[in-house]
Amino acid sequence: MKTLKHPETQLVDVICATCGTAFTIRSTAGSVSVDVCSNCHPAYTGVQHSAAGGSRIERFNRRRALAAA
Ligand SMILES: [Zn+2]
């Protein structure tokens, strides 16, 4: 019977580009970079990030209010 081998893995340090949180994972990749992590993703923090100038919904509602006036 052919023996199945797991791929070689190593411990890799990951640093979140957004909040700078560092953590270690086991991965086959030599290096891993992430843009968002569980420390700063809105789904985990519950904080909504709004871009400068407001969200698309806010802009839409503003235009709709102007059109209705
Ligand atoms: Zn993060």
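Coordinate-derived values only; no laboratory data. Note that the coordinates shown come from a computational prediction; the quantities given were computed from them, not determined experimentally. Using ideal geometry, Cβ is built from the backbone for each residue, glycine included, and neighbour counts are taken over all protein chains shown.
Couple of notes before you dig in:
- Helix axis angle, 56-68 relative to the chain longest principal axis, alpha carbon, degrees: 20 degrees
- Rg and Dmax, both from the Cα atoms of the chain and both in Å, are 21.6, 78.
- Percent of beta bridges antiparallel (DSSP, the chain, rounded to nearest 5): 65 percent
- Most positive-pole-ward Cα, Thr28, Thr3, Ser38, against dipole of the chain from beta carbon charges: Ser38
- Stretch in the chain that is longest and holds no trypsin sites (Lys or Arg not before Pro) that DSSP places in a loop and that have at most 14 other beta carbons within 10 Å: 6-69
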